[in-house]
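First comes the structure, then the notes that go with it.
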Amino acid sequence: MTGPAAKPLDSAARPVDMAHMTAAAPVSLDPARAAQLAAEFGLKPDEYERCLAILGRTPSLTELGVFSVMWSEHCSYKSSRVWLKELPTKAPWVIQGPGENAGVIAIGDGLAAVFKMESHNHPSWIEPYNGAATGVGGILRDVFTMGARPIANLNALRFGAPDAPRMKQVIDGVVRGIGGYGNCVGVPTVGGEVNFHPAYNGNPLVNAMTVGIAKADRIFTAAATGVGNPVVYVGSKTGRDGIHGATMSSAEFSADSEEKRPTVQIGDPFAEKLLIEACLELMATDAIVAIQDMGAAGLTSSGVEMAGKGGMGVELVLDNVPQREEGMTAYEMMLSESQERMLMVLKPGREALAEAIFTKWELDFAVIGHLTDTGRIVIRHKGQVEADIPLAPLESEAPLYRRPTEETPKQPVLAPGAVANPTTIEDALLRLVATPDLCSRRWIWDQYDSLVNGLTVKRPGGADAAIVKIEDHDRALAMTTDCTPRYVVADPEEGGKQAVAEAWRNITATGALPLAITDNMNFGNPEKPRIMGQFAASVRGMAAACKALDFPVVSGNVSLYNETEGRAILPTPAIGGVGVIDDAADAIGLGMPHGADLILIGETEGWLGQSLWLRDIAGREEGAPPPVDLAAERRNGDFVRARILAGEVLACHDCADGGLLVTIAEMAMATGIGATLAAPATKAPEHAFWFGEDQGRYVLAVSDPAGILAEAEAAGVPAARIGRSGGGALVMADGRSISVAALREANEATLPALMGGKA
Amino acid sequence: MKAAIVVFPGTNRERDMRIALKRVTGRDPLMLFHREELPKGLDLVVLAGGFSYGDYLRCGAMAAQSPIMKDIKDFATKGGHILGVCNGFQILIEAGLLPGGLLRNASLRFLSMDCHMRVERAGTAFTSRWQKGAVFRAPMAHGDGNYFADDATLDRLEGEDLVAFRYTDENGTVTEAANRNGSARNIAGILSPNLRICGLMPHPEDLVDPLMGGTDGLPMFESLADTFVSA
Amino acid sequence: MKARVYVMPKAGVLDPQGKAISHALEGLGFAGVNDVRAGKVIELDLAETDPAKAKSAAEDMARKLLANTVIESFRVELA
């Protein structure tokens, strides 16, 4: 869409023939004006034709607004739905798969984990602090709407090159915004990931994930039932915030996006905290029939989805909506994206009970309508019907595109010896641990409260996945976010596979059992076949990994049109994984212990294609990314987890970005304890062995190496002893060494230097 | 020990505090919403951490005007024990129950990290399990923890031995580097003249379980449990 | 010469701080407060002696740094 729709509507957009207004039917726009506005709101001509056919007349302004947001890419998933269907979504432990506010899985003890990840990319570029903050707020609401108390936040962030214009300011604003919101609502921010790449220079990604805990038999959903039941509005008041935000985030960025600034919403984490407490208090009663947060497209999507999913109709009287500003129109109220608001349907007669709770928490409460049996959404304002739309076709006739796809050509496999190491192993390691993609994230963590609630077992950086215990239970959840976009752009299918596999691996490395994922699909313009092809292939790879690893998708979000001036971001299917460990005390971290033997699990060929060594040391971005052998992945991971749960492993870290030596260095930097390393038993050149990014590998610190090796052999798992921990340096077989202190210094210096001073 | 934790709109570390108190007493403390009355017969009132009223205006300023604060001031006048942690410390200061002020951190950033504190005043209800000079670790998580008071007040606090805790390095040495938020004279926590009100910025309640990374904060709660052993 | 820059949340932009203060005032029994907006005042001591130039410089500073014009408006007064 272009500028005009973001502005308040002028009188020219109002109904032309006021004299013929009746209270019974919405006033149609002038047909020519309606067609023009439809285009400005982002509806394609054929989509607008379909809207005319459903209504049998020209829509009113409010109706046009409803159609345009409900059929936006953001709300309708019109380009992605045909592909997303390929993802496995079922397992015996899945309680609620995709389609609700968040996914729900059973985790034992009658408890459920509720989680989802969602993007707030465009708002975070336009106003980094509030864009990121409201992203956190929105995903929190998705989770507590289902009846869960949020227990953890994670964030998958992708920024441009640190020296790109505005980028420092964006990084600073996003980090402050995530901290500002999460710290205030009292939900610990326990993990996530950060990448830097010039492809994100004009379009950073902010993907926020929330995990909550509920009783498995007390899950709330959006499907509303019961003719006459009251529809209740709670939370903060409605203002003109973010009008048409949902359609904005579906429109490609252009240079004039600076003009779209006024649509960004302001987050109020204090109001959100009150909303969490009030909703959970009300949920403990039997008052609620259905509940839905007002996220993108606000009152429109929440009203339509609640009534639509329940097969009902709904009538809303907008005069009763709590308003922050004077003179708001029906159009503005239906499309407002003011934050910290919820819509719910109550059982008859429970209004007073609910109102008392919301008043106690100093929040607005208003009955704004009721359910009907008409199958229509009817909007009244000031005695006038402003919209009257049948709900079934709004959903069933929603546009669905199988857009043309074009496969990404396969890149040649780079042989381990194809690129020589331009420097020494020690120097390459020192430089790698200092690169933006591998350097310490402490500057970021130190601004996030990761401990509030007192249940964080493994803090950021302490283990491959964050571990948060469940209050009054021994059980804990393991959580991670993962994606390697440089692999995905080189081979979308292998990259999709790898993202899922790495999330599974990170949970496994703590001893937890991986259970399910949420996905946040960030891609460019789907109308370009190459981009749509990336999407389709990524989904294919993800689906294969989900099946092989019993790791179904239970929720997700799609963000398309991530382009600036025609240049797309790296395809980024970010995966948020959740697992469970029966006893939090069994979970292990990645820090190097004293006097342990180091065992490498998995095969090492020395795969340098698309590795960080190749990019950051050899200066080349090329080659096929490392393939993921899903059978080996499963076998190796199941073996590692079993050994951890048997108490045989002191520390464990998966081999990921940077390869084996970086993995060992990260373990060493976590505790300051070094290791003496054996000579590599390999045909590959030394640098390929140490820095290759072969998949499905883990480094284990153990006290009984012979026992583990024997068990690995019996299980058919490749395993080799590669060293022994101790001392303050990493010492190679021939005596070359690098001190852990030097590694730490290099690792810690990068972000504070980039961001201009220590935290 | 009969303890109550006060919950203001925006308080968010009441659950951590509940865990810590329950660990030493074996039972749940009372959770009091700020519109409720303070019941009779309490040994300890805790103002927990968080962002009461969103930290808007000034941290703790609006909570200090909350209905329950009148009861809490009466409780203090009658010699009741009060612990204020983080936002609770800010509220105690805004309510005039402890002197000074808490400014924006010197770095102007929210700080979430472990710090070390040295026990400056042992033998109180909050510190009896420590020796004077003992060093312990505690997480901090705040944007406005930079303790400020005029020199006369600081001199009086020190002269009357009312500084409870000071930021130090892990060996107990007062250094500038250990003073992450920039507090005057490295002060992390202070006491009222009758030693029954204690406010501090870091969170000993978040380090009371080896599973969560240590038990450095436990002595504070054991001290309180010892003090009120009969109750 | 001294300049004072008043920075306020723009009309129509949510002001969470003002909202919370309004609630608190109500709780203290101050009746009749219809709305509260909370902003900030920044005092500048400028070397410039020409009032028009000083004002224009202060406005430039406000636009570039002192106010986030996405969400805030500002006004400059010379003292």
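The values are calculated or read from the model by the stated rules, or taken from the named source; none is laboratory data. Just so it is clear, the model here is predicted, and its values are computed rather than measured. Positions of Cβ are generated from backbone atoms using ideal geometry, with glycine treated the same way; all protein chains shown enter the neighbour counts. Remember, those area values only see protein heavy atoms, side chains included, never the ligands or the DNA or RNA. Shrake-Rupley method; radii C 1.70, N 1.55, O 1.52, S 1.80 Å.
Helix A:61-70 and the long axis of chain A differ in direction by around 20°, with both axes built from C-alpha atoms. A full extension of the chain between A:E86 and A:R736 corresponds to an added length of 228.9 nm, given 0.36 nm per residue minus the alpha carbon distance.
Using C-alpha pairs under 8 Å with a sequence gap of at least 6, the mean separation divided by the residue count of chain A gives a relative contact order of 15 percent. Computed from the C-beta positions of A:D30 and A:V227 and an R0 of 45 Å, the FRET efficiency is 0.80 to the nearest 0.05. Note that region A:558-574 has calculated 3J(HN,Hα) couplings of 10, 10, 10, 6, 7, 9, 10, 6, x, 9, 7, 5, 5, x, 10, x, 6 Hz, one per residue in order, obtained from phi through the Karplus relation 6.51 cos²θ - 1.76 cosθ + 1.60 (θ = phi - 60°); glycine and proline are x. The modelled label-to-label distance between A:A420 and B:D226, using points 7 Å beyond Cα along the C-beta direction, is 7.0 nm. Atom-type composition of the exposed protein surface of the protein assembly as shown places 52 percent of the accessible area on carbon and sulfur (1.4 angstrom probe). The GluC sites (Glu not before Pro) found in region A:527-599 that occupy coil by DSSP, while having at most 12 further C-beta atoms within 10 Å, are A:E565.
Straightening the chain between A:R567 and A:E326 buys 82.6 nm, computed as 0.36 nm per residue apart minus the Cα-Cα spacing.
Oblate is the label for region A:639-729, because the ratio a/c of its alpha-carbon gyration tensor axes (a ≥ b ≥ c) is 1.5 or higher and a/b is not greater than b/c. The coefficient of translational diffusion for region B:3-230, derived via Stokes-Einstein from the alpha carbon Kirkwood radius under 4 °C and 1.567 mPa s, stands at 76 µm²/s. Would you mind computing, in nm to one decimal, how far apart the modelled labels at C:A79 and A:E745 are, each placed 7 Å from Cα along Cα→Cβ? Taking the simple label geometry, C:A79 and A:E745 are separated by 4.7 nm.
For the protein assembly as shown, the dipole from Cβ point charges (+1 on Lys and Arg, -1 on Asp and Glu) about the Cα centre works out to 760 debye, to the nearest 20.
Reported to the nearest whole Å, the Cα centre-to-centre distance from region B:1-72 to region B:78-134 is 15.
In Å², what does the accessible area per residue of chain A work out to with a 1.4 Å probe? Roughly 31 Å² per residue, with all protein chains present.
Legend: translational diffusion of region C:2-78 by Stokes-Einstein, Rh = Kirkwood radius over C-alpha pairs, 37 °C, 0.692 mPa s; D = 237 µm²/s. Calculated [222 nm] ellipticity per residue, helices only, for the protein assembly as shown: -9000 deg cm²/dmol; basis is -39500 (n - 2.57) per DSSP H run with n ≥ 4, divided by all residues, nearest 500. The distance separating the Cα centre of region B:184-231 from that of region A:43-91 comes to 57 Å. Couplings 3J(HN,Hα) of region A:622-636, computed from phi: 7, x, 6, x, x, x, 10, 8, 5, 5, 5, 4, 4, 5, 5 Hz, in residue order, whole Hz [Karplus 6.51 cos²θ - 1.76 cosθ + 1.60, θ = phi - 60°; x for Gly and Pro].
Ranking A:G496, A:P59, A:A214 by how far each Cα lies toward the positive end of the dipole of chain A (charges on Cβ) leaves A:P59 at the top. Once the Cα atoms are used to define both axes, helix A:740-754 deviates from the longest principal axis of chain A by about 30 degrees. Based on C-alpha pairs under 8 angstrom that are at least 6 apart in sequence, region B:3-230 has a relative contact order of 20 percent. Summarising the amide proton neighbourhood of B:A122: residues at separation of 5 or more, or on other chains, whose placed amide H is nearer than 5 Å comprise B:K132.
Each label was represented as a point 7 Å from its Cα along the Cα-to-Cβ direction; for A:A642 and B:D151 these points are 7.2 nm apart.
Shown is the FRET efficiency for B:M31 and A:D163, computed with R0 = 35 Å from the Cβ-Cβ distance and rounded to the nearest 0.05: 0.10.
Take each peptide in A:80-90, A:326-336, count the other Cβ atoms within 10 Å of every residue, and average; sorted highest first, the result is A:326-336, A:80-90. Between A:G589 and A:C652, the built amide H atoms are under 5 Å apart, and every one of these is 5 or more places off in sequence or on another chain.
Helix A:269-283 axis versus longest C-alpha principal axis of chain A: approximately 80°, rounded to the nearest ten. Extension gain for the segment A:A631 to A:R615, taken as residue separation times 0.36 nm less the Cα-Cα distance, is 2.9 nm to one decimal. The calculated FRET efficiency for the pair C:K53 and A:L754, based on their C-beta separation and a Förster distance of 51 Å, comes to about 0.85. For A:V231, the amide hydrogen comes within under 5 Å of the amide hydrogens of A:I368, A:G369, A:H370, A:L371, counting only partners 5 or more places away or on other chains and with H modelled in the peptide plane.
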